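Have a look at the structure below, then the notes.
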Amino acid sequence: MNGIDPHWWWFAIGLVLAALEMTVPGVYLIYLALAALVTGVLVLAGESSLPMQIVSFVSLSLIFAFSAKRWLRDKPIESSDPLMNNRAGRLIGQTAIVTQAIENGEGRVRVGDGEWLASGPDCPAGTRVRIAGANGACLAVEALELPRPGW
């Protein structure tokens, strides 16, 4: 390959793929980078033809990718904040104020600076409620105080 030993090409390809893994979202180029680096080591250890190098690279890529998939399936990475992207789930346990009376199990509540659909027992506007659960964008609420007459 242009006067340069083939193992250096594989090392360069592996390093370029590893660098791209850091800039491209997703975890897939690292397996190709590892396969290229191992192929470079194998070529360095013993001369092989280009078709055998390519077969080695493809085989190692598949082995690394499927091994990682199986390992991550058996030992998933646990998030330190599992509700990070679940806005409604983060609200469970907080208190809210009913802004539109909950009638026939449906109404609206104000939490912080936002207003949410709510389901729960009938409550007039102004009642304080606790968020007990979430179903999509609808919060399940339960009354914290008894409704006062005239509200």
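Derivation of every value follows stated rules applied to the coordinates shown; laboratory data play no part. Everything quoted here is computed from the prediction, not taken from an experiment. Counting neighbours? That spans all protein chains shown, and the Cβs are built from the backbone with ideal geometry, glycine included.
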Exercise. Give, in nm to one decimal, the length gained when the segment between N104 and S80 is fully stretched (0.36 nm per residue of separation minus the Cα-Cα distance).
Key: 4.8 nm
Quiz item: Just from its helices, what would the mean residue ellipticity at 222 nm be for the chain, if runs of 4 or more DSSP H residues each count -39500 (n - 2.57) and the sum is divided by every residue, rounded to the nearest 500 deg cm²/dmol?
Solution: -14000 deg cm²/dmol
Self-check item: Extended-chain gain in nm, criterion 0.36 nm per residue less alpha-carbon gap, A137 and R73
Solution: 20.1 nm
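Taking other Cβ within 10 Å of each residue's Cβ, how do E47, E78, E115 sort, fewest first? Kindly include the intermediate steps, with their values, before the conclusion.
Numbers: E47 11, E78 6, E115 14.
Final ranking by Cβ density, sparse to dense: E78, E47, E115.
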Practice problem: Give me I102, I77, I4 ranked fewest to most by other Cβ atoms within 10 Å of their Cβ, as a rough exposure proxy. | Solution: I77, I4, I102
Practice problem: Determine the relative contact order of the chain: mean sequence separation of Cα pairs under 8 Å and six or more apart, normalised by residue count, in whole percent. | Solution: 14
Quiz item: Of T95, T127, T23, how do they rank once you tally other Cβ atoms within 10 Å and put the fewest first?
Solution: T23, T95, T127
Quiz item: Once the Cα atoms of helix 50-74 and of the chain are each reduced to a long axis, what angle between those two axes, in degrees from 0 to 90 to the nearest 10, is obtained?
Solution: 30
Self-check item: Structure-derived P(r) over Cα pairs in 5 Å bins from 0, in percent - corresponding label in (i) 2, 7, 13, 15, 13, 12, 9, 6, 4, 4, 4, 3, 3, 2, 2, 1, 0, 0; (ii) 2, 9, 18, 23, 23, 15, 7, 2, 0, 0; (iii) 2, 9, 13, 12, 8, 6, 5, 5, 6, 6, 6, 6, 5, 5, 3, 2, 1, 0, 0
Solution: (iii)
